[in-house]
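Peer 1: My questions all concern the structure below.
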Amino acid sequence: MLKILLTIFLIQLYIDNLIFLGDTKLKKIIFKYFIVIILFTLTSSFIVSAQNFNYKIPREELDKLTPEERSKVEMFLRQQKEKELYRKPAVPGKREIYEVPYEERKGYEGERGRYEEEIKIQKERSLEDELEEIPLIYRIQVEKMLKKPEVDPQKEAEQLKKFPPAIRTKVEDILRRQRKIKAYERPVGEVTPEKIKGPRSKIERLYAEKIPAEVTKDLRQFGYDFFNEEISTFAPVTNVPAGPDYVIGPDDEFTINIWGRFDASYPVRVDRNGEITIPKIGSLKVWGMTLEKMEKYLRREFSKYYTDFKMNIVMDRLKAIKVFVVGEVKNPGSYTLSSLSTALNALYSAGGPTKDGSLRDIRINRNSESFKFDLYDFLLNGSKTQDIQLQSGDVVFVPIIKKTAAVAGFVKRPAIYEFEDKITLYELFQYCGGISPYGMTKRVQVERVIAHKQRIVLDVNISKKEDLLEKPEINISVQDGDLVKVYPIYSKIENIVYLEGNVKRPGGYELKEGMRIKDIVTSYDDLLPETYLKYARIVRLKMPDYQEEQLSFNIKKLFEGSEEENLLLRPLDRITIFSKDEMKEKENVTINGEVRYPGEYEYIDKMRVADLVYLAGNILRSAYKLNAEVVRREIKDDVITQRSIYINLAKALAGDEKNNIFLKPDDTVFIRIIPEWENAGMKITLKGEVKFPGDYIFKKGEKLSSVLRRAGGYTDKAYLKGAIFTRKSVEKQIRSRLDEIITNLEKDILQSSIIAEYATMSPEEARAKEESLKYKKELVKKFKAATVIGRMVVKLAPLDKFENSPYDFELEDGDTLEIPKYPSTVSLLGEVYTPQSILYQKGKTVSYYLAQVGGPTNKANKSEIYLVRADGTTISRLQGRSWNPDSFGWFTPSFMNIKVEPGDTIVVPTKLEKVDFLKMADSISRTVANVAATVGIVFGAILR
């Protein structure tokens, strides 16, 4: 902030220098100097802001980010803060737990243990403080809800309904805030049930019982995805180890190391003739030899000149080879590769075969030889036996794809596969990894094209594997273009019955032959407490159309041995056991008035008044303890009667049984407020020229003069005529009136915008209406920007005279009185040549001050000039011909002779054309201006 202020100061200094220097060459030098300083100041300010970026991110803003966006933000923060962590205190001062990024608390050494312990204590203390505001009976339930790892919104909503409204709102706030903290503490990359990376696999979906009913034909060709990765470079790799079978050729470089009787090292390079040159030994031809064979050859040649030595050959740089990749590949052409490259390397360099190219019959042509490379052998079995090492000049050729067949549905790898000659259905299933456990083998369907004329289907039963291997009518030959579809089994479990409700072990149970209810619900031990024993039900799907029917049984009679109640179970039966709460209406009692959490509470047997009070968070300090009312509703012969019981609340809370009466369902307890409590502690604020300004507490009925006396009276500099008195109730009233004016203006604008009305107007009237519409829109805009301060006109006087005067009124809570110092100016606004403030001259009139600013302009409405006094009152020419005591005459001829006082404002409004529409706008303008002056509506430039 200091640097920004410094920047503003420098800019202002620069402008002042320009004005002072005029048009000189020194301007350019000063300009460059100041620009450099300003840029340096702003840049350093931004750098500091970036370094402190973490401390300026509100938690609410981070919660709005997506996981990816938040990860980027936290990555930046982590980079900025890693070097600073050890210099920080264990817990940054007054920072909330959720303002500290997870990475700052995890993964560091040194202070990490103490730091995390302090954070943990801070978090627990924060939660305890929040839970203390909730009655103990509900606090345990909230703690259980917070401990749940996963949230079921529907169940949680049902739980929250059981809380009283006031407590429910507080609980919802705690749950929302604590879960946000918990989510923020979790590392960005951590996998949670709500955040799973990537889509579910097909196997994951099957186990989640998300089995699709249809077989999709959206298939991809097998094997081509292997080449989808982009190639980073085509440069040959020449620094990899070479094996003993590596073939030596031109451009290979290696070092011959000799040690023993003599030590020597000979770096050599194979020239274009395939030879190497060694001092004393001469030129040796090594082209075409393997590395192992060349080492033996060199050892033999060195033995002709030296004895007792050992030899080692180290390959330094391998030669590069040039090969050609042509045919159905994405990027055909010539490629320079390492001499260790294979056909697969060449294909990968060329982007792989296109989907029109074959993966089964790739050819490597070398002089007069040709080698076959079947990629399926590599992709399906991981074998590279056919992936031969290339030589310089080899051609890798990818022909057009051969026959294809597709496998769709519930197999392990559905895709479109290529085959060369003939394959059987069994072999095709081997390509796709076999049939999924969820695939139906009784009916495998083959779609086939016959003689380029028609499509047919063949249904094959392959439920027995031996038939698929032995019987040709089942293990049929696959033809080009075949589509084999494996349908899913029926996904619903059929041999099952369900138990639900108020039981200990709900869920699905295997349905065995002859199973009855008592085989699942064996005794009372299988039930939860508070089970309703008189009624339970079975919902059954009735065949053949699965219509629901309901059967009921009595649990108590069932356990007493009644065979009639022990019903025989059928597939998909759903047994429901109810609790007592579900089978009876909930009984409630209500408490209103001066307690912490008024509202409706569940009725408990033998509940007393004190129990309900404490359940509602206890009474407030404002509660009237001498008397409370219990309203009781009673029903007799279907007739409701109501009576009131009055008790002494203080005695009831002390345990007096006469007052601490037992409650009954539907009772309502009213706890009243202490009389005059709301009027106690009312406050008025005195500002400005009083001897002791500040806030003053006053009692009901106290007047303004009384508070002024308590404040020591006025100072010598007080300007009583300029006093500004504001009241909140007036502010609300004026705000309401202003909103009403805005609403009416907007309606008027909407009605005036109807195009059909323009058809009956002359061009002048239409133009005038458009101007009026424009003016009204601008007026609405400025009205909405207005600030209402609720000012009331008050005419102060010395306290002896002011006391009991009409303006010595009773005070209200929130009142404000500001007495300014004696002003020395008079302001002129609106259509004058130089709107400004002029030094006050005693005894001067309106005409004098207008003359000082050049008088009204041609656009001024001279007949509607008005004077706003410092106390907020307004004098206007349009107020009629009434006697004016200030000028001893009538308003209209003598307005210009009114004497102006310090702090007054003379306003000259704009003259508007006298068209009906504009008259209304003009009237509104004057009305608003008067309202603004008298009640304290502040808005910019509305009177101009």
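Peer 1: Among the candidates Leu551, Leu558, Leu541, single out the residue that is part of a helix (DSSP H, G or I), over 30 Å from Tyr138 (Cβ atoms) and aliphatic (A, V, I, L, M). Steps first, please.
Peer 2: Values: Leu551 fails: part of a helix (DSSP H, G or I); Leu541 fails: part of a helix (DSSP H, G or I).
So the residue among Leu551, Leu558, Leu541 that is part of a helix (DSSP H, G or I), over 30 Å from Tyr138 (Cβ atoms) and aliphatic (A, V, I, L, M) is Leu558.
Peer 1: Can you confirm whether Ala786 is under 30 Å from Thr726 (Cβ atoms) and surrounded by fewer than 16 Cβ atoms within 10 Å (Cβ to Cβ)?
Peer 2: Details: under 30 Å from Thr726 (Cβ atoms): yes; surrounded by fewer than 16 Cβ atoms within 10 Å (Cβ to Cβ): no.
Considered against the rule, which asks whether it is under 30 Å from Thr726 (Cβ atoms) and surrounded by fewer than 16 Cβ atoms within 10 Å (Cβ to Cβ), Ala786 comes out as no.
Peer 1: Counting just the residues of the stretch 133-174 that are modelled with pLDDT under 75 and hydrophobic (A, V, I, L, M, F, W, C), which one comes out nearest to Glu600 (Cα to Cα)?
Peer 2: Selected residue: Ala166.
Peer 1: So Lys557 passes all but one of these: (1) open to solvent by 40 Å² or more (accessible area, probe 1.4 Å); (2) within 21 Å of Gly507 (Cβ to Cβ). Which condition number does it fail?
Peer 2: (2)
Peer 1: A further question on this structure: Anything in the stretch 489-503 that is under 39 Å from the mean Cα position of the chain (by Cα) and over 17 Å from Tyr438 (Cα atoms)? List them, or say none. Full working, then the answer.
Peer 2: In the first step, residues of the stretch 489-503 are kept if they are under 39 Å from the mean Cα position of the chain (by Cα); the result is 491-492, 500-502.
Within the stretch 489-503, Glu500, Gly501, Asn502 meet the criteria.
Peer 1: Follow-up question, since we're still on this one. Which condition number in (1) in contact with a Lys or Arg (Cβ under 9 Å, 6 or more places away or on another chain); (2) in the same structural domain as Phe662 (by the TED database); (3) outside any strand (DSSP E or B) is the one that Arg633 fails?
Peer 2: Unmet condition: (3).
Peer 1: Which one of these is surrounded by fewer than 15 Cβ atoms within 10 Å (Cβ to Cβ), under 19 Å from Ala654 (Cβ atoms), not charged (D, E, K, R) and not assigned by the TED database to the domain that holds Arg168: Leu626, Leu615, Leu551?
Peer 2: Values: Leu615 fails: surrounded by fewer than 15 Cβ atoms within 10 Å (Cβ to Cβ); Leu551 fails: under 19 Å from Ala654 (Cβ atoms).
None of the other options fit; the residue is Leu626.
Peer 1: Moving on. Could we say that Ser644 is of a type in the set (Gly, Ala, Ser) and touching a Ser or Thr at 6+ places or on another chain (Cβ under 7 Å) here?
Peer 2: Values: of a type in the set (Gly, Ala, Ser): yes; touching a Ser or Thr at 6+ places or on another chain (Cβ under 7 Å): no.
Spelling it out, it is not the case that Ser644 is of a type in the set (Gly, Ala, Ser) and touching a Ser or Thr at 6+ places or on another chain (Cβ under 7 Å).
Peer 1: Here's something else I'd like to know. Just checking, which of Ile400, Ile388, Ile423, Ile435 is closer than 21 Å to Lys330 by Cβ and open to solvent by 10 Å² or more (accessible area, probe 1.4 Å)?
Peer 2: After applying the criteria, what remains is Ile400.
Peer 1: Which of the residues spanning the stretch 716-747 are part of a helix (DSSP H, G or I), farther than 20 Å from Met792 by Cβ and either in contact (Cβ under 8 Å) with a residue 40 or more places away in the chain or not acidic (Asp, Glu) (or both)?
Peer 2: If the condition is that a residue be part of a helix (DSSP H, G or I), farther than 20 Å from Met792 by Cβ and either in contact (Cβ under 8 Å) with a residue 40 or more places away in the chain or not acidic (Asp, Glu) (or both), then Ile742, Thr743, Asn744, Leu745, Lys747 are the ones that fit.
Peer 1: Moving to a separate point now. Scanning the stretch 791-809 for residues that are within 13 Å of Gly713 (Cα to Cα) and assigned to a loop (DSSP other than H, G, I, E, B), which turns out nearest to the chain's Cα centre (by Cα)?
Peer 2: Only one residue fits best here, namely Leu796.
Peer 1: Here is a follow-up. For Asp611, are the conditions met, namely being closer than 20 Å to Pro164 by Cβ and assigned to a loop (DSSP other than H, G, I, E, B)? Steps first, please.
Peer 2: Working: closer than 20 Å to Pro164 by Cβ: yes; assigned to a loop (DSSP other than H, G, I, E, B): no.
Against the criterion (closer than 20 Å to Pro164 by Cβ and assigned to a loop (DSSP other than H, G, I, E, B)), Asp611 does not qualify.
Peer 1: Another question about this same structure. Hey, Glu582 hits all of (1) open to solvent by 40 Å² or more (accessible area, probe 1.4 Å); (2) among the acidic types (Asp, Glu); (3) part of a loop (DSSP other than H, G, I, E, B) but one; which does it fall short on?
Peer 2: So Glu582 meets the others, but not (3).
Peer 1: Filter the stretch 468-503 for residues that are of a type in the set (S, T, N, Q) and either closer than 29 Å to Thr576 by Cβ or open to solvent by less than 80 Å² (accessible area, probe 1.4 Å) (or both) and give the result.
Peer 2: Our first condition is that a residue be of a type in the set (S, T, N, Q); within the stretch 468-503, this holds for 475, 477, 479, 491, 495, 502.
Within the stretch 468-503, Asn475, Ser477, Ser491, Asn495, Asn502 meet the criteria.
Peer 1: From the list Leu511, Leu541, which one is open to solvent by less than 100 Å² (accessible area, probe 1.4 Å), over 22 Å from Lys580 (Cβ atoms), touching a Pro at 6+ places or on another chain (Cβ under 7 Å) and not hydroxyl-bearing (Ser, Thr, Tyr)?
Peer 2: Details: Leu541 fails: touching a Pro at 6+ places or on another chain (Cβ under 7 Å).
After ruling out the rest, the residue left standing is Leu511.
Peer 1: In addition: Would you list the helices (runs of 4 or more DSSP H) that sit entirely within the stretch 291-385 and hold 2 or more residues that are closer than 21 Å to Glu420 by Cα? Walk me through how you get there before you give the answer.
Peer 2: Details: elements: 291-303, 343-349, 375-381.
Output list reads 343-349, 375-381.
Peer 1: When you go through Thr277, Thr336 one by one, which is the residue that is under 56 Å from the mean Cα position of the chain (by Cα), surrounded by fewer than 16 Cβ atoms within 10 Å (Cβ to Cβ) and either more than 22 Å from Gly260 (Cβ to Cβ) or modelled with pLDDT under 85 (or both)?
Peer 2: That would be Thr336, the only listed residue that is under 56 Å from the mean Cα position of the chain (by Cα), surrounded by fewer than 16 Cβ atoms within 10 Å (Cβ to Cβ) and either more than 22 Å from Gly260 (Cβ to Cβ) or modelled with pLDDT under 85 (or both).
Peer 1: Among Gly599, Gly561, which is touching a Pro at 6+ places or on another chain (Cβ under 6 Å) and on the phi > 0 side of the Ramachandran plot?
Peer 2: Details: Gly561 fails: touching a Pro at 6+ places or on another chain (Cβ under 6 Å).
Exactly one of Gly599, Gly561 is touching a Pro at 6+ places or on another chain (Cβ under 6 Å) and on the phi > 0 side of the Ramachandran plot, namely Gly599.
Peer 1: Note down all Cβ pairs under 8 Å where the first residue falls in the stretch 271-286 and is among the small types (Gly, Ala, Ser), the second is assigned to a strand (DSSP E or B) and surrounded by 15 or more Cβ atoms within 10 Å (Cβ to Cβ), and they're at least six residues apart or on different chains.
Peer 2: Filtered contacts from the stretch 271-286: Ser283/Glu275; Ser283/Ile276.
Peer 1: Out of everything in the stretch 640-685 that is in a strand (DSSP E or B) and touching a helix residue (DSSP H, G or I) at 6+ places or on another chain (Cβ under 7 Å), what residue ends up being nearest to Phe698 (Cα to Cα)? First the steps, then the outcome.
Peer 2: Within the stretch 640-685, the first condition is being in a strand (DSSP E or B), and the residues that meet it are 640-647, 662, 668-673, 682-685.
With touching a helix residue (DSSP H, G or I) at 6+ places or on another chain (Cβ under 7 Å) added as a condition, the list becomes 647, 669, 671, 684.
Working: Ile647: 33, Val669: 33, Ile671: 27, Ile684: 7 Å.
Ranking the qualifying residues of the stretch 640-685, first place goes to Ile684.
Peer 1: Being farther than 29 Å from Tyr646 by Cβ, open to solvent by less than 80 Å² (accessible area, probe 1.4 Å) and either over 45 Å from the mean Cα position of the chain (by Cα) or of a type in the set (Asp, Glu) (or both) is the filter here, so list the residues in the stretch 657-693 that pass it.
Peer 2: Leu686, Gly688, Glu689, Val690, Pro693
Peer 1: Further, regarding this structure: Are any residues in the stretch 750-784 at pLDDT below 75 and within 48 Å of the chain's Cα centre (by Cα), and if so, which ones?
Peer 2: Matches in the stretch 750-784: Leu750, Gln751, Ser752, Ser753, Ile754, Ile755, Ala756, Lys769.
The values are calculated or read from the model by the stated rules, or taken from the named source; none is laboratory data. What you see is a predicted model, and the numbers here were worked out from it, not measured in a lab. Glycine also receives a Cβ, built like all others from the backbone with ideal geometry; neighbour counts cover every protein chain displayed. Just the protein is used for accessible areas: all its heavy atoms, side chains included, with ligands, DNA and RNA removed. Shrake-Rupley method; radii C 1.70, N 1.55, O 1.52, S 1.80 Å.
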